1. Could you calculate the FRET efficiency of Ser394 with Asp223 from 1/(1 + (r/R0)^6), where r is the beta carbon distance between them and R0 is 41 Å, rounded to 0.05?
2. With an 8 Å Cα cut-off and a minimum separation of 6 or more residues, compute the relative contact order for the stretch 135-270 in percent.
3. Just want to confirm a number: the relative contact order over the chain, from Cα pairs under 8 angstrom separated by 6+ residues, in percent.
4. Would you mind counting up the charge near Gln389? Only other residues with Cβ under 12 Å from its Cβ, with Lys and Arg at +1 and Asp and Glu at -1.
5. Describe numerically, in nm with one decimal, the distance between label points set 7 Å from Cα along Cα→Cβ at Arg116 and at Val194.
6. For the chain, modelled as a Gaussian network with Cα springs under 10 Å, which listed residue fluctuates most, Val248, Val145, Val122?
7. How about Lys75: which lysines have a C-alpha closer than 27 Å to its C-alpha, ignoring those fewer than 8 places off in the same chain?
8. Which log10 I(q)/I(0) values does the stretch 265-320 give at q = 0.31 Å⁻¹ under the Debye formula, counting every alpha carbon as one identical point scatterer?
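Just so you know, all these numbers are worked out from the coordinates, no wet-lab data involved. Just so we're clear, the structure is a prediction, and the values are computed from it rather than from any experiment. Glycine also receives a Cβ, built like all others from the backbone with ideal geometry; neighbour counts cover every protein chain displayed.
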Amino acid sequence: MPDIPQAKGFDSTLALLQDPYGYISKTCRALRSDLFETRVLMQRTICLTGPATAQVFYEHGNFTREGAMPKRIQKTLLGQGGVQGLDGKTHRHRKQMFMGLMGEGRIAALQAISSRLLKEQVARWENAPEVVLYDEVRTILTKAVCEWSSVPLPDAEVALRTAQLTALFQDAGAVGWRHWKARAARARAEHWAVEIIRKLREGRLLADRNSAAYVIAMWRNLDGELLPVKVAAVEILNVLRPTVAVSVFIVQAAHALQQNPTWAQRLRQDDENLEIFVQEVRRLYRFFPVVAARVKQDLEWQGYRFPKGTRVLLDLHGTNTDPRTWKAADAFLPDRFRATPQDPFNFIPQGGGAYHENHRCPGEWITTSQMKTFCDFLVNAITYDLTQQALELSPQDLPPVPKDGFVLRNVSRR
């Protein structure tokens, strides 16, 4: 049985932090392998890239999420007790709760709310000397998802809740004071969500019975018991936070329109191009660098041995830009989605495998629908100019957005 190829150096933590989206795929190419072994945070870690490794990662219950994510990520991005850390029957049962929120009618309702809020902002944008798109989109998405979820959001709290939800994904991978800022935001946001759960259960807050807040508050575990109130709070944030995080993809889409101006014209001519455009943004632009799991039982794959308990990191961006799947993989070519078949393992910006069985994000439909809503607005509802600004996307940022937030000026209605 061959040994798994080894990365250079004793520990790869610093290298991974310096190049979070490229380190695994570059190391694999250097080793001429789809996997290698190293240490991350001084723990033995196997790193994977490519569709073949994504398939073994997601299928057949080979890996468990329990105890895989570093505590610093649980304390910021994910929270503790939520669906991302579950496996087996418990995971499938909890996943049903989220999948039930993703019907076409529910997704269309969220689109309609976002469209209404966008239209309400145009007059203010027309009179503003500058509009920071990233800030505006995060605010709109916070208001939209709270309304859609039956989460009360007074006007006086919009800025506060937007900042808290943003910190959970924008500062989750940070070090130093930004990490502690994200941990504080997590604690305050969970306290807010706990109060919502309690009010719903006690009848002090009325909500649409099909809404996320009501469904989560009343969901019962396999043992027939309501979710612990803190776990239910985490799950509400697992609806709110990812929806606000779509702001990253939306600003990246605006960046793609600026870098590829012919696509703005194509989107105006035929809205069917919206689908392939947003999918290419999700493929090429960076958001989540990796997902983590642990080997559930001793595993042999292609002659390599994966010992039980070993941490495994799957490279998402490297798989989405794997040149064995995608021709001209580093070029922005949306038309590729008319020709290259997608499967659950070669296109995994929000996880792979089957929605019901695996840890593929059920919010993908919300992501694409919101991206299409905002892109359609940018190309068909308004005109704008860009200020002189830094538009570079640093591959070291988690996630990468333009430093200035993508600043618009001279906004006017078409």
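1. Once rounded, the FRET efficiency stands at 0.30.
2. Values: 126 pairs, mean separation 38.5, N = 136.
Answer for the stretch 135-270 is 28 percent.
3. Rounded, it is 25 percent for the chain.
4. Taking every Cβ under 12 Å from that of Gln389, the sum is -2.
5. Between Arg116 and Val194, the simple spin-label model gives 3.3 nm.
6. Val122
7. Qualifying lysines at Cα under 27 Å: Lys89, Lys95, Lys143, Lys181, Lys199, Lys230, Lys296, Lys308, Lys403.
8. Scattering profile of the stretch 265-320, log10 relative to I(0): -1.11.
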